[in-house]
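Scroll down for the structure; my scribbles are underneath it.
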Amino acid sequence: MSQSSQNSPSPQKPLPSNWLYAFWKFSRPHTIIGTSLSVLGLYLIAIAVSNRIDSLFPIPYAIFPVFGAWLACLCGNIYIVGLNQLEDVEIDKINKPHLPLASGEFSRQQGLLIVIFTGISALVLAWINGIYLFGMVAISLAIGTAYSLPPIRLKQYPFWAALCIFSVRGTIVNLGLFLHFNWLLQNTQSIPLAVWILTIFVLIFTFAIAIFKDIPDMEGDRLYNITTFTLQMGPKAVFNLALWVLTVCYLGMVIMGVLRVDAINPVFIIISHLLVLCWMWVRSLAVDINDQVAIAQFYQFIWKLFFLEYLMFPLACLLA
């Protein structure tokens, strides 16, 4: 045996920490945070409208339905974003080269196993926890599959792609989670006006997310013939459209405060949403539409505003 072969380093197995970090990237952290906050937010709203403040600090046996719903939603989330990455490896090598499948940190087989496992787990956990949760998860997974998987692959059509995103995030998740938690807390199926207001807000908000997310991905989408509003209208027009859509969202919440809608604290809802609206416009003025890094950072900022709503609105309900 030659000296060089004796001294050559043996292949190293990936460290568990490296695998976990790759899995964290694979799960798309901003969507995981959004899903987690939506579960928490809808639980808090269900507590507020049912006047079950004692459930704000639930006894141990009551924690499990909330934890089960959260775990089912996380698994469903990972299934949807993971399937999208499996189908978009070549596009992601241009648009998002840091993702595990595009960078080679995960093989296609590893990604496929994660997607299959999380998809099955989401359905099983949802079924165990309740019929409303199961219906919400099953519909979300079906739409997520149609969004990414050929031959349907709705993401290649701008209107249907946007409809998939804001129908799941805006309508199905909010109404399904509230019905699930409301049934657990008081065995009723009614949906109060406050929940409809949040649902409409998130529905419109996620439309802005859906059209904005394609601005940083122009090059890969153009190369692989993925038609988006950005390619049709131009990045500046889509940027401005998203800003005005978000402005309508926040002003709508202010109007709800002025009208003194039941179960919502008017002072808190007005002040908090006006402050966030001003913050958004100040941030937008500093964005260079030709700077991909700046656009990507502002897109993440929009997601932070989305997260914030699931804290502000439940707090407004608890303060009512």
Which order, highest average first, do 125-131, 277-283 follow once you tally other Cβ atoms within 10 Å for each residue and take the mean per peptide?
125-131, 277-283
Can you give me the Cα centroid spacing of the range 241-320 and the range 113-129 in angstrom?
33
For the ranges 31-38, 202-209, what's the packing order if you count other beta-carbon atoms within 10 Å of each residue, average per peptide, and put the highest first?
202-209, 31-38
Residue by residue through the range 298-304, which ³J(HN,Hα) values in whole Hz follow from phi under the Karplus form 6.51 cos²θ - 1.76 cosθ + 1.60 (θ = phi - 60°), with glycine and proline marked x?
5, 4, 5, 5, 4, 5, 5
I need the phi-derived Karplus couplings for the range 156-169: 6.51 cos²θ - 1.76 cosθ + 1.60, θ = phi - 60°, integer Hz, Gly and Pro marked x.
7, 10, x, 5, 5, 4, 5, 4, 4, 5, 7, 6, 6, 5
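Just give me a number: lysine pairs in the chain, eight or more positions apart or cross-chain, with C-alpha atoms less than 15 Å apart. Write down the numbers at each step before the final one.
On the way: LYS25/LYS93; LYS25/LYS96; LYS96/LYS213; LYS155/LYS213; LYS213/LYS236; LYS213/LYS304.
Within the chain, the lysine pair count is 6.
How do 113-122, 148-157 rank on mean C-beta neighbours within 10 Å, highest first?
On the way: 113-122: 17.9, 148-157: 14.9.
Ranking, from highest mean packing down: 113-122, 148-157.
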Stokes-Einstein D for the range 19-318, Kirkwood Rh over Cα pairs, 10 °C, 1.306 mPa s (µm²/s):
80
Read phi for every residue in the range 84-92 and hand back ³J(HN,Hα) as whole Hz from Karplus 6.51 cos²θ - 1.76 cosθ + 1.60, θ = phi - 60°, with x for Gly and Pro.
4, 5, 4, 8, 10, 4, 5, 5, 5
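Rule-based calculations on the coordinates, nothing more; no lab input. Given the structure is predicted, the values throughout are model-derived calculations rather than measurements. Heads up, the Cβs are rebuilt from the backbone with ideal geometry, glycines too, and the neighbour counts pull from every protein chain shown.
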